[in-house]
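Working notes, structure below.
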Amino acid sequence: MPDRTTRASRPLSAARSFALVLLTGVIAVAGCARESGEPTAAPRPAPEPAAMVDADEHSFAQPGKVAIDDLALDLALDFDARTLAGTATYTLQWKDDAATRLVLDTRELTVERVEGQAGDAWQPLEFSLAEADPVLGRKLVIETPQRNAKVRVTYRTAPGASGLQWLTPEMTEGKQLPFMFSQSQQIHARSWVPLQDTPQVRYTYSARVRTRPDVMVLMSADNDPQAARDGDYAFSMPQRIPSYLMAIAAGDLVFKPISARSGVWAEPSMVDRAVAEFADTEKMIAATEALYGPYRWERYDLLVLPPSFPFGGMENPRLSFITPTVIVGDKSLVSLIAHELAHSWSGNLVTFSSARHGWLNEGMTSYVENRIVESLYGEEFSDMEWVIARDALKRDIVDMPEATQALAIRPGTPVDADDALSQVSYDKGAWFLQFLEERFGREVFDPFLRGYFDHFAFQSIPTETFLAYAKEHLFDPNPGKVTDAEIEQWIYGAGIPADAPQVLSPRLGIVDSARLGWRGSKQLPPTSITGPWTTQEWLHFLEGMPETLPVEDLAQLDTAYAFTGTANGEIAMRWYPLAIRSGYTPAMEAAAAFIERIGRRKLIIPVYEALVTTEPGLALARASFERARPGYHPITTASVEKVIAEAKSAPAPATAPDAEPAPGDAADSATGDAPTMPTDPASPPAG
Ligand SMILES: [Zn+2]
């Protein structure tokens, strides 16, 4: 999964909010008409039971009428034109006898031709592309009066496709060959393949991709570690996946194994470091299988992307896409791998039916991630991760609109597909599962969860289906453990329930004491205390600081711990905003270099947010953005543009860079998404 959305990037942009309000308005009106506009003579029909089929407002597709059963791609990948061009052939499953149209989602695609198979021949089909919707893209309606078993679309992508990023050789580690990669979640697959772009449709796929012969191509499919690099590649994905798990990458990529079924794809200069960093991957797979049953996707490989990858990781099946910012030399950030791996059960195997049920993917995965981390690195360590994530959630949830504080978002509440997966989905979702674990005990809860993954394997479900299954297999067989009211409060209520399990971390308690002691006395804690600190402890040390500190205090910390210039992005994303808000100018140059080098949204947005609160900072943010922009992913570019635009529309007092920031700004937007692990005790804290 991509990084959880921070508070800062959560609000909908005006255009998107408006479009979603319109969209949900249409749904609401349709629903109300039955209530108010019935002909008086006709008997009123009985109200329909609550639908278990979830409507996906982020797709035009009508999978109840016809669904894609298999997709076959034949594409040319052109680095000069920045396009994918070719055909998508769908094997269709017609469900509604009256259906004579196939409706697909597209965004910025040029559709050249549509044909239907009739016997051995392909015959042209009529089609139309609707006006572009700012959120959903363009609806492609294909007339299929013959209800063809196969339909073929000839198309090409736009150079600015929202789901693809094209990098010049200079933007890569090796600087020899160009690079491209996709990010389809949540609704960007439609910008590179015409699809029923909703998690409610699962299909198998195959692909043939041709490109320049010196470039390797990989997909979320059966990548062959021994594949010859020749510019002509074939892929097959025999397990059914939803569209947001479509993935492709191409570049100077080489493979090194971690185990018989796992390995790393990366640029040649990065691959050895990556294999060393992720050496525990096979142990993680084995630990997860012991808890939740067999890994069902055959190989599990990691693809290390350039620094511009906008997220921490993306759980593309068989091939997780991973940010290079977690390769810091000490394995301190590899619980990100536990997270992406966990998605092989929660998310990829059992999938939410729409982004309204984000917690079914991300909360479940964050819970499994913590169990994997506990299994490999111990409870003391996994408890630190719980505490750090929950501190951030508690800090941020109070500012969220009440409707978005619920785990399952009720229909009628506008949701931006890119922002639906907030901290609530991740951290409140995981907290709910830990609540169930605590009430029922692991001896009951672990087999329940394993049974859930088995029962709904390769299906996409809404929250209500999870609850019905839990009632039958967990709540009813173990009466008196939870009440309906408690479950209702967790799933549909705002805030954190009062009976949420509390985790204490003695190790973070020591950090609190050290910080308090320093703030009172200006005496830094002895190195016998800080020497063994892990990344988690340093994050907690920084997160407990006030909004601003005197510059001499920051200088003292910086001299002792070398925070400025740190190679650890998790520390950087906390240190630079504090330094900027406090007017600590020695950190400015390094802060600018950091946001220009890295494109991972979670790490750099807090720095931008701190910068734009003053006029000089805003100027610096603009200058850095100008320089960095060619290397940023469209998703990151959009987020940075929003921060800068909102700063312009609501200017802070324009004074010196050490001005007090408005309360409640960037400080809190650093999320607790700190996928981390113990550092080598001997390693320097900030490196
Ligand atoms: Zn995730």
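Annotations
- The helices (runs of 4 or more DSSP H) located wholly in region 440-518 that include 1 or more residues which are of a type in the set (S, T, N, Q) occupy 463-470, 484-492.
- Condition check for residue 602: farther than 30 Å from residue 376 by Cβ, at pLDDT 50 or above and of a type in the set (Lys, Arg): no
- You will find that of 566, 559, the residue that is out of contact with any strand residue (DSSP E or B) (no Cβ under 6 Å at 6 or more places or on another chain) and free of Cβ contacts under 8 Å to residues at least 24 places away in the same chain is 559 and no other.
- Take the conditions (1) acidic (Asp, Glu); (2) closer than 30 Å to residue 163 by Cα; (3) at pLDDT 95 or above; residue 646 misses just one of them, which is (3).
- Scanning region 308-348 for residues that are part of a loop (DSSP other than H, G, I, E, B) and either of a type in the set (Ser, Thr, Tyr) or without any contact (Cβ under 8 Å) to a residue 60 or more places away in the chain (or both) returns 308, 323, 327, 332, 344.
- On inspection, residue 115 qualifies as modelled with pLDDT of 95 or more and within 12 Å of residue 149 (Cα to Cα).
- Output for region 290-307, where each listed residue is farther than 22 Å from residue 223 by Cβ and either outside any loop (DSSP other than H, G, I, E, B) or within 12 Å of the ligand (Cβ to nearest atom) (or both): 290, 291, 292
- The lone exception for residue 315 - which of (1) among the charged types (D, E, K, R); (2) more than 13 Å from the ligand (Cβ to nearest atom); (3) in contact with a helix residue (DSSP H, G or I) (Cβ under 8 Å, 6 or more places away or on another chain) it fails: (2)
- Residue in region 343-351 that is β-branched (Val, Ile, Thr), more than 15 Å from the ligand (Cβ to nearest atom) and on the phi < 0 side of the Ramachandran plot present: no
- Filter result for residue 329 (in contact with a helix residue (DSSP H, G or I) (Cβ under 9 Å, 6 or more places away or on another chain) and of a type in the set (Gly, Ala, Ser)): yes
- Selection within region 237-250 - in a strand (DSSP E or B) and either touching a residue at least 60 places away in the same chain (Cβ under 8 Å) or of a type in the set (Phe, Trp, Tyr) (or both): 237, 239, 240, 241, 248, 249, 250
Residue-by-condition table, conditions (1) modelled with pLDDT under 95; (2) surrounded by fewer than 20 Cβ atoms within 10 Å (Cβ to Cβ):
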{"position": "416", "(1), (2)": "yes, no"}
{"position": "421", "(1), (2)": "yes, no"}
{"position": "433", "(1), (2)": "no, no"}
{"position": "437", "(1), (2)": "no, yes"}
{"position": "442", "(1), (2)": "no, yes"}
{"position": "451", "(1), (2)": "no, yes"}
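- The set of residues in region 608-633 being within 25 Å of the chain's Cα centre (by Cα) and surrounded by fewer than 17 Cβ atoms within 10 Å (Cβ to Cβ) consists of 629, 630.
- Residue 383 vs. criteria at pLDDT 95 or above, within 16 Å of the ligand (Cβ to nearest atom) and in a helix (DSSP H, G or I): no
- Top-ranked residue of region 252-268 - restricted to ones that are out of contact with any Gly (no Cβ under 9 Å at 6 or more places or on another chain) and in a strand (DSSP E or B), ranked as surrounded by the fewest Cβ atoms within 10 Å (Cβ to Cβ): 259
- Options 323, 365; residue that is under 15 Å from the mean Cα position of the chain (by Cα), more than 25 Å from residue 407 (Cβ to Cβ), within 15 Å of the ligand (Cβ to nearest atom) and among the polar types (S, T, N, Q): 323
- Just one of the numbered conditions (1) touching a residue at least 60 places away in the same chain (Cβ under 8 Å); (2) more than 11 Å from the ligand (Cβ to nearest atom); (3) more than 30 Å from residue 63 (Cα to Cα) is not true of residue 356: (3).
- Qualifying residue in region 228-236 (condition: in contact with an Asp or Glu (Cβ under 7 Å, 6 or more places away or on another chain) and assigned to a strand (DSSP E or B)): yes
- Selection within region 371-380: residues that are surrounded by fewer than 24 Cβ atoms within 10 Å (Cβ to Cβ) and not charged (D, E, K, R). The member of this set that is farthest from the ligand (Cβ to nearest atom) is 378.
- Hits in region 421-459 (condition: within 16 Å of the ligand (Cβ to nearest atom) and in contact with a Ser or Thr (Cβ under 8 Å, 6 or more places away or on another chain)): 421, 422, 423, 424, 426, 427, 429, 430, 453
- Restricting attention to region 271-289, the residues that are in contact (Cβ under 8 Å) with a residue 60 or more places away in the chain and either small (Gly, Ala, Ser) or not in a helix (DSSP H, G or I) (or both) add up to 2.
Yes/no matrix, rows are residues, columns are (1) in a loop (DSSP other than H, G, I, E, B); (2) exposed (fewer than 14 other Cβ atoms within 10 Å of the Cβ):
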position	(1), (2)
114	no, no
128	no, yes
140	no, no
153	no, no
158	yes, no
161	yes, no
166	no, no
170	no, yes
185	yes, no
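The values are calculated or read from the model by the stated rules, or taken from the named source; none is laboratory data. The structure presented is a predicted model; accordingly, all values stated were derived computationally and were not measured. Here the Cβ is made from the backbone with ideal geometry for all residues, glycine too, and neighbour counts use every protein chain on show.
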